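Working notes, structure below.
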Amino acid sequence: MKAYYSLDAMLKGEPELQMVDVCTGGYENGSWHYEPAMEAMEAGKAVLVEKPLSNNVLEARRMVAKAAEKKSILAAI
């Protein structure tokens, strides 16, 4: 598998990719999940997110709404 240094480059470089696992760091490991998860779902990918889904309830609700809108899978593991 090729190495990518940006999510955008990976999504464009691997069109057959079906799922993205978001395991970014940050405050309690939940504060940096929003942007990559939203970008991946916007691209039509299923998304796995390390727990917690988000430290921000509003961002978590937006992520769930985006998954519903795109008919995508969003799971916190």
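The Cα atoms of the chain define a convex hull whose projected area, averaged across directions, is 4.8 nm².
Lys-Lys pairs in the chain that are eight or more residues apart or on separate chains and whose Cα atoms lie under 26 Å of each other come to 12. Of the trypsin sites (Lys or Arg not before Pro) found in the stretch 1-60, those in coil by DSSP whose Cβ has at most 15 other Cβ atoms within 10 Å are Lys2. Think of the chain as a dipole: +1 on every Lys or Arg Cβ, -1 on every Asp or Glu Cβ, centred on the Cα centre; then among Ala65, Ala46, Met10, Ala65 lies furthest on the positive end. Angle, helix 57-70 long axis vs. longest principal axis of the chain, Cα atoms, 0 to 90°, nearest 10? Result, in degrees: 40.
State the percentage of accessible surface on the chain attributable to carbon and sulfur atoms; use a 1.4 Å probe and exclude ligands, DNA and RNA. Kindly include the intermediate steps, with their values, before the conclusion.
Working: 2800 of 5050 Å².
Percent of accessible area from carbon and sulfur atoms in the chain: 55.
Contact order, relative form, for the chain: 29 percent (alpha carbon pairs under 8 Å, 6 or more residues apart, mean separation divided by residue count).
The values are calculated or read from the model by the stated rules, or taken from the named source; none is laboratory data. As the structure is a computational prediction, the values presented were derived from the model and not from experiment. Cβ: placed from backbone, ideal geometry, glycine included. Neighbour counts: every protein chain shown. The protein model used for the area step is the full one, side chains on, heavy atoms only, and it has no ligands, DNA or RNA in it. Shrake-Rupley method; radii C 1.70, N 1.55, O 1.52, S 1.80 Å.
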